[in-house]
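Working notes, structure below.
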Amino acid sequence: MSNICPICDTGALSPVTFDDFFDFNGDKILVEGLEGSLCDTCGADPILRNQILRNQRVIADAKRKKLGYLSGIEILRIRNKYGLTQKEASELFGGGTNSFSKYERGEVVQSAAADVLLRLVDIHPSILTEMKNLRLRDGTGPQIQPQKQSQLDYGFCKGPELTLVSSQTSVRGLANMSFTKGQNLKRYSRSPWKRVKAA
């Protein structure tokens, strides 16, 4: 990367750091340690592309801290803990095809639901196993993939929601992980619910 000033084309750029305030949710947050450059000839203070990308992560983490969310580094740690690629994590946790790439780069701040689910998986690895059994496919809802013989009869998908129907257990809603028993099959057999035969 050239250290020649893009403003005067003659001066040399030196890296500098600075702090700044940003508006966030109707409040001001102080973001420290932002990166920039300073020209020794014309005094211009451009922020270069790589500095912008790093600043983006710093600003995103300041917003996360304000909300009490996991930082980008913590999200990366949890993903690496289970050996997941960004694509695999995105499929399991939702949020879009490139969601984990965006979380870790600071391009997007994760939702409250995603943050809670990440924390739960970090503490309770068995939840990840259950999530893998309900892997999201093609944006139509979780595909049912039981690891062992199951009493499950049918699953019904509508958008991101999932209902598993059997005589023993029913699960609706991957995000809140709420569990109930004895759901009525007929209740979920009408349009627009999509009926999916269990594997």
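Please treat every number below as a calculation from the coordinates, not as lab data. As the structure is a prediction and not an experimental result, all values here were calculated from the model. Neighbour counts are summed over all protein chains in view; Cβ atoms, including those assigned to glycine, are modelled from backbone coordinates with ideal geometry.
Numbers for the structure displayed
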| quantity | calculated |
| --- | --- |
| Nearest-0.05 FRET efficiency for L120 and R49, computed from C-beta distance (R0 41 Å) | 0.65 |
| N3/I127 FRET efficiency (R0 45 Å; Cβ-Cβ; nearest 0.05) | 0.40 |
| Label-point separation, V58 to L30 (7 Å along Cα→Cβ), nm | 1.4 |
| Between segment 1-25 and segment 42-68, the alpha-carbon center distance in angstrom | 11 |
| For segment 6-109, the fraction of alpha-carbon pairs in successive 10 Å shells from zero, as % | 15, 35, 27, 17, 6, 0 |
